[in-house]
Amino acid sequence: MRGGVGHRTGGGPKGARAAVPLLAAAVLGTLAIVTVEQAGCTDPGHYVPVHGGYELVGGCLSPDDLVVPAAPAAPTPVAPSAPVPPRS
């Protein structure tokens, strides 16, 4: 049977199809754990209720670490050069 449903086109081992995604997941998981361990943050911080919401106390971020983009300027309205005739 050539080219049918049961035909294998790859010449690799049978377990490679399942092992490659598992290996990739293990590598990415290990990288995530190493990244968290090397982050160097000993105080994760906690939230304290304040008037109107919550405030983060402690932690590894300071307000200077956050970049807030400036609000875009509102477009100026363009006045028509000639009066618009009424619709009939």
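In table form, for the structure just shown:
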| read-out | value |
| --- | --- |
| Single match in Ala25, Ala39, Ala18 (criterion: assigned to a helix (DSSP H, G or I) and under 22 Å from the mean Cα position of the chain (by Cα)) | Ala25 |
| Residue among Val27, Val36, Val20 that alone is open to solvent by 70 Å² or more (accessible area, probe 1.4 Å), among the β-branched types (Val, Ile, Thr), modelled with pLDDT under 95 and farther than 30 Å from Ser62 by Cβ | Val20 |
| Test: residue in the stretch 61-78 that is at pLDDT below 80, more than 34 Å from the chain's Cα centre (by Cα) and not in a helix (DSSP H, G or I) | yes |
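The values are calculated or read from the model by the stated rules, or taken from the named source; none is laboratory data. Quick caveat: nothing in here was measured; it's all calculated off a predicted structure. Glycine gets a Cβ as well: all are built from the backbone with ideal geometry, and neighbour counts include every protein chain shown. To get the accessible areas, we keep the full protein, side chains included, count just its heavy atoms, and leave off ligands, DNA and RNA. Shrake-Rupley method; radii C 1.70, N 1.55, O 1.52, S 1.80 Å.
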